[in-house]
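Here is the structure we will look at, set down as structure tokens.
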Amino acid sequence: MENITLDVNGERHFLTVDIRMSLLDALRDSLGLTGAKAGCERGHCGCCTVLVDGRRVYSCLTLAVAVAGAGARVVTVEGLSRAGPHRLQKAFIARDAFQCGFCTPGQLCSAVAMLDEASRERPSSASGPSSEGPALTETEVRERMSGNLCRCGAYQNIVAAIMDVAP
Amino acid sequence: MTQAVVREAGSGALGAAVPRREAPDKVTGRARYTGDVALPGLAYVAVVPAAIAHGRVTAVRPERALAHAGVLAVIHGGACPRLHQTSDADLAVFQSSSVTYLGQFVAAVVAESPQIAREAARMVEVDYAVAPHRVELDTAAADLHRSPDRGPHFPTDCSHGDVEAALSHAPVRVDATYTTPPYHHHALEPHGTVAYWQAGGLTVHETTQGPSGTRDILARLFGISPDRVRVIARHVGGGFGSKAAPKAQLALAAVAAQVAGRPVKTVLTREQLSVVAGYRTPTIQRVRLGAEADGRLSAVSHVAYEQTSMTSDHAEYAAAPTRTMYAAPHRETRHWRERLHVPSPTWMRAPGECPGMFALESAMDELAHACGIDPVELRLRNDTANDPHSGLPFSSRNLAACLRTGAERFGWAERESPPAQLAGGRGFVGMGVAASTIPQYRFPSRANAQVDGRGRVTVRIAAVDIGTGARTALAQIAADTLGVGLDLVAVEVGDSALPSASWAGRSSGTTSWGTAVVRACEALRAEMARRGGALPSGGLEAASDTLDELAAPRTHSQHAFGAQFAEVAVDTVTREVRVSRLLGVFAIGRVINPVTVRSQLIGGMTMGVSMALCEEGVLDPRYGHFHTRDLAAYRVATFADVPEVEACWVDEEDVDTSPMGAKGVGEIGIVGTAAAVANAVHHATGWRVRDLPINARHLVEAEAAAGREAAEGDRAAAGEPG
């Protein structure tokens, strides 16, 4: 067992965790933040996506002790709306960008980081290794969001919601 | 046929494009699913799966696991409470030493944390007596048997006229065999249960498509009265049929809570879901069509081969949709089944229609090609006003309108022959079409409608919202029946303590529950009218039960229909197929909520693209397990695989199918998609892919077959022996 400090959604939490505990289990079981979901627990589905220092990670493949040791700041879906509903959350509702809602917290966190990555002109395999900043087309969004599965098949509506808030 | 109805009440709520009611909870993480439930003293359960496909457990040695710190109990055949009812072997965990599929639960560990439970599960030692197993579906197997009849109106085999004679005399014939692999539902929420016992009563939070039915099954399993059992499912993360019948983790959690004397949580791993959560049987289907030169069908034969397990009586009935699709004087549909040492298959979105219409609608495309007739026109020529199977008139059948509307919107007239080439000459673009159909079922349900002294309405029904928007649709139905504003209506679902209701499955949820809600609200309205419109300060309530109403024999054949149009680009160098456009036009009765209905339809079509191009369960004949047990090996479509998908509907209202005029829409989107894609691939390349998925391997095989057929044609033309 290990004593750690986790910075989540702007609050510091002191925890004693099994060193094998994933960041996902620490969030869900120790902190009661059940927004991030366990869909596959091996980084295939994206339901557990959260932000660590602004970058999207699969929290099921991330150890809680590693995040704490790095002093990283974690933001979950619960943290997106601390200052009122996030514009992506509003767009998701307006576009009916989910059905069962199980993948939605991960989709939202992934989309937040994806928009940030695109604004920093990070290339994708859709745009290729271009030195010019790629325009955020629907094709770009589809490529960049492909690490998050939605079995209800809300992809059309998620892309529309993201395009609504994209610059 | 379709009738107009005059609505006395009506508030504009029915048909309104309103967002789903739980949307704010789902985008903020506040929506609580079964796995999110936390209780004081919660213990965790991990499963020990069988390592053999057939045989029996001879010994379980739990000592090492029990000695591990934090382990509370090890449950197995030698240490498990006896269940009251064991007739469903898949639910009767640890009641028998028999093993009939690899991965069957043979023991389980209850521990203080999920990490400890999983670690200790690997320490449980199990000895087996191994027996030979068979896991491969074989159409020549000696033990093939007819699938069971499903009631007097649904025999497993149907035959009209003289199919063989009609086929032998038909000027144009198609005879082809199509295969579909096993499909896994893989709803993203894993099956899970939180269970606890209190004063001899059992409460479970459960990933279920039917709280009332699950309550009754638990009562029988444990030999207690149903009113001692409560099943709660506030939010369910998708089901697609896999959460309709309860799965083994439910029984395991209830037993584990009994043994541990504490609340327990059992959530299956993604790998275990491939085994325990059910799957769609693989199918082998032979379709023979005989037609006149103008494309009119004279004979249709559809024979399907399917598998089931040693413990389940499930059957898919893939040939069943062929009974109602097209008129032909000579018809037969037959189902053969083989029992294997495999996990139990179960219902999956559009059971029967989904694989069956891949075969029939591919064969119809082959017939169109053989006759030299446009595939849309061929389907129009074989349309029928009466159900060929029952002889009853359809309550509404607007297949022709779907085909015509879709052809116009999709730009079908621009379908080029030969097909357009891709840039750089790397391949071709093709267009394909297929029809969709789903039978309409309604099951008895009860509902309660209550109005308080201030006019606020609460509707209660043990329905469940698995992502369909049921809360929202039922509120719209209640507001419309009562003639009140939608904001005055609250809906409570997801709890077996509410009035008993049928399940969310077989596209029956909204029509079954909606009928009960309409009747409860009508009774409430009548009671308010009787009192001259004055509301007592304590409010009023009324209840309904649709058991008698739904027992009346049907006077019409009730089905939804549709037409799907696909455009594909086939790279003839890499054999990569991309679907670039997909349009579905559906005849689904009155649309209660265009927002959520469109989402259901395009969601089904998206799963159809996934079926066409990605999904393939692969069983290992040596060990009897699925190779494809996770979402890396079992590929489901993601964003980049799914292009522009659009769905719309034709004007239709069907009051035979429900008092709202609506039909069920959960399944029809997946029916026909794969055939439309495969038919588009044929248009693009001339390669006929009859084995799903349409991947590089199957394209190479189809290309080789096309080459052989062309060579045979040349030889025949030159008068050479074959």
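Things to note:
- The residues listed here are B:ASP383, B:ASP374; of these, the one that is within 17 Å of B:LEU403 (Cβ to Cβ) and free of Cβ contacts under 8 Å to residues at least 12 places away in the same chain is B:ASP374.
- Here B:ALA219 fits the description: without any contact (Cβ under 8 Å) to a residue 24 or more places away in the chain, over 18 Å from B:LEU42 (Cα atoms) and surrounded by fewer than 22 Cβ atoms within 10 Å (Cβ to Cβ).
- Residue that is nearest to the other protein chains (Cβ to nearest Cβ) [pool: residues in the stretch B:644-683 that are among the acidic types (Asp, Glu) and over 24 Å from A:GLU138 (Cα atoms)]: B:GLU667
Each row is one residue, and each column tells you yes or no for (1) assigned to a strand (DSSP E or B); (2) surrounded by fewer than 24 Cβ atoms within 10 Å (Cβ to Cβ); (3) more than 11 Å from chain A (Cβ to nearest Cβ); (4) touching a Pro at 6+ places or on another chain (Cβ under 9 Å).
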| position | (1), (2), (3), (4) |
| --- | --- |
| B:ALA560 | yes, no, yes, yes |
| B:ALA563 | yes, no, yes, no |
| B:GLU567 | yes, no, yes, yes |
| B:ARG575 | no, yes, yes, no |
| B:GLY603 | no, no, no, no |
| B:GLY608 | no, no, no, no |
| B:GLY617 | no, yes, yes, yes |
| B:ASP630 | no, yes, no, no |
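One line per residue, one yes/no per condition, for (1) touching a strand residue (DSSP E or B) at 6+ places or on another chain (Cβ under 7 Å); (2) of a type in the set (A, V, I, L, M); (3) farther than 17 Å from B:SER212 by Cβ; (4) not in a helix (DSSP H, G or I):
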residue	(1), (2), (3), (4)
B:ALA447	yes, yes, no, yes
B:ARG454	no, no, yes, yes
B:GLY467	no, no, yes, yes
B:THR472	no, no, yes, no
B:ALA478	yes, yes, yes, no
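- Listed by first and then second residue, the pairs linking a residue in the stretch B:399-418 that is under 14 Å from B:VAL568 (Cα atoms) to a residue that is crowded, with 17+ Cβ neighbours inside 10 Å and modelled with pLDDT of 95 or more, with Cβ atoms under 7 Å apart and 6 or more places separating them unless they lie on different chains, are B:PHE410/B:PHE565; B:PHE410/B:LEU583; B:TRP412/B:VAL376; B:TRP412/B:MET431; B:TRP412/B:PHE565; B:ARG415/B:MET431.
- Residues of the stretch B:182-203 satisfying the condition of being of a type in the set (Gly, Ala, Ser) and either within 19 Å of B:VAL47 (Cβ to Cβ) or not in a strand (DSSP E or B) (or both): B:ALA187, B:GLY192, B:ALA195, B:ALA199, B:GLY200
- Residues that are facing another protein chain (nearest Cβ under 8 Å), modelled with pLDDT of 95 or more and part of a loop (DSSP other than H, G, I, E, B), drawn from the stretch A:75-90: A:THR76
- Here A:SER124, A:SER119 are screened, and the one residue that is crowded, with 18+ Cβ neighbours inside 10 Å, over 26 Å from B:THR208 (Cβ atoms) and without any contact (Cβ under 8 Å) to a residue 60 or more places away in the chain is A:SER124.
- Criterion violated by B:THR208 - all others in (1) free of Cβ contacts under 8 Å to residues at least 40 places away in the same chain; (2) within 14 Å of chain A (Cβ to nearest Cβ) satisfied: (1)
- In the set B:VAL259, B:VAL275, B:VAL231, only one residue is part of a helix (DSSP H, G or I), touching a residue at least 40 places away in the same chain (Cβ under 8 Å) and over 30 Å from B:ASP138 (Cβ atoms); that residue is B:VAL259.
- Among the residues of the stretch A:34-44, not a single one is more than 11 Å from every other protein chain (Cβ to nearest Cβ), in contact (Cβ under 8 Å) with a residue 40 or more places away in the chain and of a type in the set (A, V, I, L, M).
- Selection from the stretch B:331-346 of residues that are buried (at least 24 other Cβ atoms within 10 Å of the Cβ) and acidic (Asp, Glu): none
- Test result for B:HIS389, touching a residue at least 24 places away in the same chain (Cβ under 8 Å), farther than 19 Å from B:VAL665 by Cα, in contact with a Cys (Cβ under 8 Å, 6 or more places away or on another chain) and not hydroxyl-bearing (Ser, Thr, Tyr): yes
- Matching residues in the stretch B:96-115 - criterion: being farther than 19 Å from B:ALA53 by Cβ, surrounded by 17 or more Cβ atoms within 10 Å (Cβ to Cβ) and touching a residue at least 12 places away in the same chain (Cβ under 8 Å): B:ALA108, B:VAL109, B:VAL110, B:ALA111, B:SER113, B:PRO114
- Within the stretch B:116-156, considering residues that are assigned to a helix (DSSP H, G or I) and of a type in the set (Gly, Ala, Ser), the one surrounded by the fewest Cβ atoms within 10 Å (Cβ to Cβ): B:ALA121
- Only one of the numbered conditions (1) free of Cβ contacts under 8 Å to residues at least 12 places away in the same chain; (2) touching a Pro at 6+ places or on another chain (Cβ under 6 Å) is violated by B:ARG530, and that is (2).
- A:ARG55 vs. criteria charged (D, E, K, R), over 24 Å from A:CYS152 (Cα atoms) and out of contact with any helix residue (DSSP H, G or I) (no Cβ under 9 Å at 6 or more places or on another chain): no
- Just one of the listed residues (B:PRO40, B:PRO19) is under 30 Å from A:ASP96 (Cα atoms) and either part of a loop (DSSP other than H, G, I, E, B) or more than 9 Å from chain A (Cβ to nearest Cβ) (or both), and it is B:PRO19.
- Applying the set (1) in contact with a strand residue (DSSP E or B) (Cβ under 6 Å, 6 or more places away or on another chain); (2) part of a helix (DSSP H, G or I) to A:LEU24 leaves exactly one unmet item: (1).
- Considering the stretch B:590-601, and only residues there that are crowded, with 24+ Cβ neighbours inside 10 Å and facing chain A (nearest Cβ under 9 Å), the residue that is farthest from A:PHE92 (Cα to Cα) turns out to be B:GLN600.
- For the stretch B:305-340, the tally of residues that are under 21 Å from the mean Cα position of the chain (by Cα) and under 30 Å from B:SER98 (Cα atoms) stands at 15.
- Close pairs from the stretch B:242-253: first within 12 Å of B:TRP347 (Cβ to Cβ), partner of a type in the set (Ser, Thr, Tyr) and modelled with pLDDT of 95 or more, Cβ under 7 Å, at least 6 apart: B:SER242/B:THR346; B:LYS243/B:THR207; B:LYS243/B:THR208; B:ALA245/B:THR346
- Flag for B:ARG228 being over 19 Å from B:CYS80 (Cβ atoms), within 14 Å of chain A (Cβ to nearest Cβ) and surrounded by fewer than 24 Cβ atoms within 10 Å (Cβ to Cβ): no
- Within the stretch B:632-643, tally of residues that are facing chain A (nearest Cβ under 8 Å) and out of contact with any Cys (no Cβ under 7 Å at 6 or more places or on another chain): 5
- Test for A:VAL65: is it among the aliphatic types (A, V, I, L, M) and under 15 Å from the mean Cα position of the chain (by Cα): no
The values are calculated or read from the model by the stated rules, or taken from the named source; none is laboratory data. Computed from a prediction, not measured in an experiment: that's the story for all the values here. No Cβ is skipped: glycine too gets one built from the backbone with ideal geometry, and neighbour counts run over all protein chains shown.
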